Amino acid sequence: MTAGQRQLTELDRGEALRLLGSVSLGRVVFTQRAMPAVRPVNHILDSTGIIIRSHSGAAIISEADTARGAVVAYEADNINPNYLLGWSVVVTGIARLVRDPGELARYRQVLVPWVDRDMDQVIRIQPEVVTGFRLDAQQTAAAGAIKGQAKG
């Protein structure tokens, strides 16, 4: 399959968030010493935002541990490496530490870190801008006609 045989379709906010919630691994992009930094993390998505965990010494913690929070991007995808078909979602928003003891206890129970390290901090990313796209196989006119004949 060549690049010309794919169709790029933008996703609306609802579909993008639904797809983001269907996977557990993504990448958070934040600023570290005035430069972009990217870290793979696991996440959950709930009605309050994207929830990730980190450790106390992580660079993102000092950024998110302010009254204004930290502007971050969060990206997750599911793209087949053989056919280059699938989807990608990017959320830009504000990351803040979760401080409520009840929320902390709940998130620490439902979001188990995938690394062997004490991940004692919980971060909520409040989605502000949500974008996404789907890469589908482009249906040619001939393929559409054949598919239509098969139905009839």
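Once both labels are modelled 7 Å past Cα along the beta-carbon direction, what's the W114-T9 spacing in nm?
Once both label points are built, they end up 2.7 nm from each other.
Would you mind getting the accessible area per residue of segment 37-104, heavy atoms of the protein chains only, 1.4 Å probe, in Å²?
Value for segment 37-104: 47 Å² per residue.
In deg cm²/dmol, rounded to 500, what helix-only [θ] at 222 nm does the chain give when every DSSP H run of at least 4 residues adds -39500 (n - 2.57) and the total is split over its residues?
-6500 deg cm²/dmol
Give me the percent of accessible area attributable to carbon and sulfur for the chain, probe 1.4 angstrom.
54
Using only the Cα atoms, work out Rg/Rh for the chain, with Rh taken as the Kirkwood radius, to two decimals.
1.10
Work out, step by step, the length gained on full extension between Q126 and A59: first 0.36 nm times the residue separation, then minus their alpha carbon distance; give nm to one decimal.
Here the segment from Q126 to A59 would lengthen by 22.2 nm.
When the dipole is taken about the Cα centre of the chain, and only Lys, Arg (+1) and Asp, Glu (-1) are charged at their Cβ, what size is it in debye, to the nearest 20?
I would put it at about 180 debye.
Efficiency by 1/(1 + (r/R0)^6): what FRET value for Q32 and E103, r their Cβ-Cβ distance, R0 = 22 Å, to the nearest 0.05?
0.25
Please name whichever of P101, V115, L11 sits farthest to the positive end of the charge dipole of the chain, dipole taken about the Cα centre and charges placed at Cβ: Lys and Arg +1, Asp and Glu -1.
My answer, from the dipole projection, is L11.
The values are calculated or read from the model by the stated rules, or taken from the named source; none is laboratory data. Computed from a predicted model, the values in this text were never measured in an experiment. For neighbour counting, all protein chains shown are included, and Cβ atoms are generated from backbone atoms with ideal geometry for every residue, glycine included. The area values use the complete protein model at the heavy-atom level, side chains included, leaving out ligands, DNA and RNA. Shrake-Rupley method; radii C 1.70, N 1.55, O 1.52, S 1.80 Å.
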